[in-house]
Structures are given as structure tokens and as C-alpha cells.
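Single-structure report; data block below.
All of the numbers you see were taken from the coordinates with simple rules; none came from a lab. What you see is a predicted model; the values in this text were computed from it and never measured. Positions of Cβ are backbone-derived with ideal geometry, glycine not excepted, and every protein chain shown enters the neighbour counts.
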Amino acid sequence: MSPLLIGGLLAGGLIILVCVGFISHSLERNRLERARQAAELNARVKLTHQAMNSIPGQFMPAELASVVLQIEAALLDRLYTISRTPEVEQRLAQARAALVENVLPNNPQVDLDNEAKGKEARVQLENLFKQLQLAEQDRLIDNAAFKQAGGLVRRFMITATLETFNATAKLGMQQGKPRVAKLQYERAIAFLTRLNNPALAQHLEQYKRLLQRAEAAVVEQNRADEGQPSELTAGLAELESADAGWQKKAVYDD
């Protein structure tokens, strides 16, 4: 066998090894990319499903729930092209059937009567809005559907915030704590002022009137408190009495 033939065989073998390595690397890269895409789609499906079934009922009307269900079905369809598992196939079939039969969630309404409930509702709505944005970017829904659904979610976020301020202020007044109500109305006014939305001008004026009432209640409470010793005044009087007694005792001991 000539040296030239041997060199050719070695070069050919080297080329084959390089090609095999390149193909193997490409296959592994594609496998990892498909796994990444599947994980991302699974996360989006989970977030979309949770939003649709956990957001308070007053913030999930039928027209919004229908769009969210459409997004979930589209995400599952993409996931099925990557991961053809029986579980994904079943979930996709269920989502499609729900769309055809118009089976939408009927979430219970939640009274946002404290800061924790209000914050949770706002976070859920914010997460839903992000999913709507991603769905529009990925062409899972058209721009018209995004504008309609996104507009609803934006209004619901404002409503949830104001409902929390209202409930906390009302509770403060009921408990004889007008300062709490005053603070909540001030927060509501600052919130509406930041939005700078002419459509909310009437709400802003309403909260200004409520603030005036709360301020008047604070003044009345201050007047009522002037005739009664506060806990601080009583504590200072007790300390002064004890100090005077100690001074007298020290004089008499001398």
C-alpha cells in the first residue's frame, strides 16, 4: 500500500470522525433546545391555567376567560409538536373541547377587604397581563384580542387597587381610626394622580371628598382626645409622681 493511499485513508477517516462529532453535537444541541422550549411552554401553560382558575371572579368575565383559554390551547398545541406525550395530548384535547363547548371557569368573587388580598389579586392580574403580551408577540392571539383583553386587565388592576384602599379606609372608620382612613384616601389620590387618566377624574374628585371627611373626623377625634388624658400623658404623670415621691423620700431620709 502506497504512502499516498495510506495518507488518503487517514485523511478520510479524520474527516469522517469530524463529521460524526459535528452531527452528534448538532443533535445534542437540538435536543437541549427542544427541552428548553418544552420547559418554557410548560411554565407558560401552568401560569395561564392558574390565572384563569384563580383570579377572583369579578376580574375574570367570560370574554377574558375565553381569550385566556384560547392562549392555553395554542400553547399546548405548540408543546405537543415538541413533546408528544399522552399527558400533553389529553390536556390539549380538553382545552380544545372547552373552547368548542364554551366551558369557562366560574371563579368565586373575592372581597378585597385587606391589603394582603388586594396585593394577591394585583399580582395575579399583572402576571396575566404579561402572558397576554407574550401571546400577542408569539401571534397566539391577534392584536385586536390583545387590546380588548389587555384593556380589561388594566382596568381590573386599577379597580383592585382602589377596592383595597376603600375597604381598608372603611374598616378604619368603623373601628374609630380615621387616621387610617385618611392615609388610605391619600394613597388612592396619589395613585390616581400618577395615572393621569382623564377618564378617572371623577374618581379622583370623589376620593378628595372622602379625604376631607376623614380629615374632619381626625380633627373631631383630636378635639375629643384633648379632654381625656392620653396613654402617653398618663404615663408621664405616673413617672412624675414616682419621681416626686422618690425626691420626698430622699429629703426625709436626709
Phi angles of segment 124-135, converted by Karplus (6.51 cos²θ - 1.76 cosθ + 1.60, θ = phi - 60°) into ³J(HN,Hα) in whole Hz with x for Gly and Pro, give 4, 5, 5, 5, 5, 4, 4, 5, 5, 4, 4, 5
The simple spin-label model distance between Glu101 and Asn143, using points 7 Å out along Cα→Cβ, in nm, is 3.7 nm
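If R0 is 41 Å, what FRET efficiency do you get for Glu33 and Arg194 from their C-beta distance, rounded to 0.05? Each step should come with its number before you reach the end.
Values: r = 42 Å, r/R0 = 1.03.
With a Förster radius of 41 Å, E is 0.45.
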Percent relative contact order for segment 22-159, counting Cα pairs under 8 Å at least six residues apart, stands at 31 percent
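Let me have the relative contact order for segment 176-226, percent, based on Cα pairs under 8 Å that are six or more residues apart.
On the way: 24 pairs, mean separation 26.8, N = 51.
It comes to 52 percent, rounded to a whole number.
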Cα-based Rg/(2.2 N^0.38 Å) for segment 33-126, rounded to two decimals, is 1.20
HN-Hα couplings for segment 109-121 via Karplus (6.51, -1.76, 1.60; θ = phi - 60°), in whole Hz with x for Gly/Pro, come out as 6, 10, 7, 7, 9, 8, 4, 5, 5, x, 5, 4, 4
In the neighbourhood of Phe59 defined by beta carbon distances under 13 Å, the net charge of the other residues (Lys, Arg +1; Asp, Glu -1) is -1
For the table Lys170/Lys208; Lys46/Lys119; Lys182/Lys208, the rows whose alpha-carbon distance is greater than 19 Å are Lys46/Lys119
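Within a Cβ distance under 9 Å of Leu211, other residues only, what is the Lys/Arg minus Asp/Glu net charge?
Numbers: positive: Lys182, Lys208, Arg209, Arg213; negative: Glu186, Glu215.
It works out to a net charge of +2.
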Answer in debye to the nearest 20: the dipole magnitude of segment 22-159 about its Cα centre, from +1 Lys/Arg and -1 Asp/Glu charges placed on Cβ, is 360 debye
The answer for Ile141, listing residues at least 5 apart or on another chain whose modeled amide H is closer than 5 Å to its amide H, is Glu136
For Asp113 and Asp77, extending 7 Å from Cα along the Cα-Cβ vector and measuring point to point gives, in nm, a value of 4.4 nm
Zone reached by a paramagnetic label modelled 7 Å from Arg154 Cα along Cα→Cβ, restricted to segment 125-139 with backbone N below 17 Å, covers 125-137
